[in-house]
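Please read the structure below before turning to the comments.
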Amino acid sequence: MGRFYIDGGRCLEGTLQIQGGKNAVLPILAATVLNGGISHIHDCPQILDVFTMIRILESIGCSVRWEEKTLIIDSSSVFSYEIPEELVREMRSSIILLGSVLGRHKKVVISYPGGCPLGPRPIDLHIKALKQLGATIKEDHGFIICEASKLVGSKIHLDFPSVGATENIMLAAVLAEGTTVIYNAAKEPEIKDLQDFLNGMGAKIKGASTDVIIIEGVKSLHQIEHKVMPDRIVTGTYLSAAAITGGEVLLSNVNPNHIQAITSKLREAGCIILEERDKIYLKAPKKLKNIDIIRTQPYPGFPTDMQAQMMAMLTVASGTSIITETVFESRYKHVEELIRMGASITLEGRTAIIKGVDSLTGTNVYAKDLRGGAALIIAGLAAQGVTIVDGSKHIERGYEQIDKDLNTLGASIKKES
Ligand code: EPZ
């Protein structure tokens, strides 16, 4: 597993273009199985999770090739419905293939997913919904065998607005007979990007971004060209990085509407933020103010995927900040590593109390998951001396070139593979 060396204490300044969205493109890649034809996906981020998804698609018979930042997938010769176990273990979000392979083949065999250690990652909502669409599901020796003589539209109420479950239902319902309605659907912008992609293929879906999504089954789908939406969490990560260093940045290929919960907290911490159609400007104060409370919530609430990065930023703010993680059971593996750098954080169940300190000190720390790793890089940017972040592979799952990007803004980061 590689590592990043960060020589801290430099102020981030300059302009940067944001990559395409990881959490938008992964369900879209799964959806390419459905049209039995060609899909052109523009601005596809070149990240480890995409490379894993490509290996999965090739393993079931898709042909995949890059043309610069466009990924071209041909799913006409998909022959298998068995998703390789070793690839599912590598990436939890491969569970998104459940809906699309079932939708195409009416059968799918997949092992229980692995991926980020964010506490138990059940898929009970996925299973319950697919059964309502007419699938029979057996669990055998860690594998899920899911099949349906036919898929029939149904009214599905999600007990929790699960992003993955909402996406799997959409993917399984597009070729089903009749109409499916999802109540209490996830409202994340990535769901709207998936709806746009599927409708571009000839599906008939409406309601994404609201909590009721209606999918009218169609007989077949055709080829598609689509540009992936910008990555709102990479945007928030780089804004927090600029904020902790007292910097001034202009980010492009951004949708400011997708990050209102993040920018309102950055303003609370004293940052000046200006927004244009596809750009965002941030100027940080010399010393960040504390934020009384951040509670992570499903969209449009504050995103859980930005919890670690904001915590790192607040370790050197003036005063005490409180963060409550309501979405995942244990998403605080970065806390002990931040404490090793001199942060003052106490955990009480799902709540973290962050007492601002004057400065952090560079040392050896370990990335244990994707966003926790990004948080350690943010802390290293402000720390005195050199911070070594081990476990770079976790970070490269979602960030195309975080070292090059931050160095473009004046940081001093070296990567050792
Ligand atoms: C998606 O994960 C994202 N991943 C996550 O981003 C993100 O943190 C999460 O949504 C919440 O926004 C992708 O889009 C690839 P959920 P997902 O189903 O779909 C519980 C990152 O850093 N739940 O909305 O797995 C679950 O345990 C990643 O980019 C059930 O109980 O999230 C969790 O506590 C990390 N039963 C909560 O719901 C289920 O059947 C949210 O899960 C499904 C979920």
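The values are calculated or read from the model by the stated rules, or taken from the named source; none is laboratory data. These figures come from a predicted structure and were not determined experimentally. Counting neighbours? That spans all protein chains shown, and the Cβs are built from the backbone with ideal geometry, glycine included. What goes into the accessible areas is simple: the full protein's heavy atoms, side chains included, and nothing from ligands, DNA or RNA. Shrake-Rupley method; radii C 1.70, N 1.55, O 1.52, S 1.80 Å.
Model label sites at Y5 and Y112, defined 7 Å from Cα along the beta-carbon direction, differ in position by 4.2 nm.
For K155, the solvent-accessible surface with a 1.4 Å probe is about 140 Å², rounded to the nearest 10.
Note on segment 22-227: antiparallel DSSP beta bridges, both residues inside, total approximately 75 percent of the bridges counted. Relative to the longest principal axis of the Cα atoms of the chain, the long axis of helix 232-244 lies at roughly 0 degrees. Take the Cα of E348, step 7 Å along the line toward its Cβ, and report every residue of segment 310-329 whose backbone nitrogen sits under 17 Å from that point. Answer for segment 310-329: 320-326.
What number, rounded to the nearest 500 deg cm²/dmol, is the helix-based mean residue ellipticity at 222 nm of the chain, given -39500 (n - 2.57) per DSSP H run of at least four residues and division by all its residues?
One gets -9000 deg cm²/dmol as the mean residue ellipticity at 222 nm.
The residues of segment 22-227 present an accessible area of 38 Å² per residue when probed at 1.4 Å with all protein chains retained. Compared with the dominant principal axis of the Cα atoms in the chain, helix 370-382 is inclined by about 20°. Across the accessible surface of the chain, with the other protein chains kept in place and a 1.4 Å probe, carbon and sulfur atoms take up 50 percent. Net length available on complete extension from E329 to E268 is 19.3 nm, with 0.36 nm assigned per residue and the Cα-Cα distance removed. With protein chains left intact and a 1.4 Å probe, residues in segment 344-385 average 37 Å² of accessible area per residue. Highest mean packing first, where packing is the average number of other Cβ atoms within 10 Å per residue, the peptides 66-76, 395-405 line up as 395-405, 66-76.
Estimated at 0.36 nm per residue, the fully extended path between S59 and S318 surpasses their Cα-Cα distance by 88.0 nm. The distance from the alpha carbon centre of segment 241-278 to that of segment 1-68 is 24 Å, rounded to a whole number.
Counting only residues at least eight positions apart within a chain, or on another chain, the lysines with an alpha carbon under 23 Å from that of K107 are K128, K131, K138, K150, K155, K204, K219. Sorting Y281, Y112 on solvent-accessible area from highest to lowest, probe radius 1.4 Å, gives Y112, Y281. Taken over segment 225-307, the convex hull of the Cα atoms encloses 87 Å³ per residue.
Helix 189-200 versus the longest principal axis of the chain: what angle, 0 to 90°, nearest 10, using Cα atoms? The angle comes out at about 30 degrees.
In this structure V365 has an accessible area near 0 Å², from a 1.4 Å probe over the protein heavy atoms.
Order the following by accessible area, largest value first: V174, V163. Probe radius 1.4 Å; ligands, DNA and RNA are ignored. Spell out each step's value before the answer.
Numbers: V174 0, V163 55 Å².
I get V163, V174, largest accessible area first.
Note down the Stokes-Einstein diffusion coefficient of the chain in µm²/s, whole number, using a Kirkwood radius over alpha carbon pairs, 37 °C, and 0.692 mPa s. Reported coefficient: 151 µm²/s.
Legend: residue pairs K333/K404; K69/K414; K206/K404; K283/K355; K206/K279; K69/K289, Cα-Cα distance threshold 31 Å; pairs beyond threshold, K206/K404; K69/K289.
Convex hull volume of the Cα atoms of segment 321-386, normalised per residue: 77 Å³.
Taking the Cα centroid of segment 326-370 and of segment 224-239, what is the distance between the two, rounded to the nearest whole Å? Going from one Cα centre to the other spans 26 Å.
Could you tell me whether segment 22-227 comes out rounded, prolate or oblate from its Cα gyration tensor? Rule is a ≥ b ≥ c as square roots of the eigenvalues, rounded for a/c under 1.5, then prolate if a/b exceeds b/c, otherwise oblate. Please report the intermediate quantities before stating the final value.
Details: a/c = 1.29, a/b = 1.10, b/c = 1.17.
Rounded shape, in that the Cα axes give a/c under 1.5.
Compare D390, D211 by solvent-accessible area with a 1.4 Å probe and give them largest first, with all protein chains kept in place. Don't skip to the end; give the middle numbers.
Numbers: D390 15, D211 70 Å².
In descending accessible area the options line up as D211, D390.
In a fully extended conformation the segment linking S77 and R277 would gain 67.9 nm over its present Cα-Cα distance, using 0.36 nm per residue.
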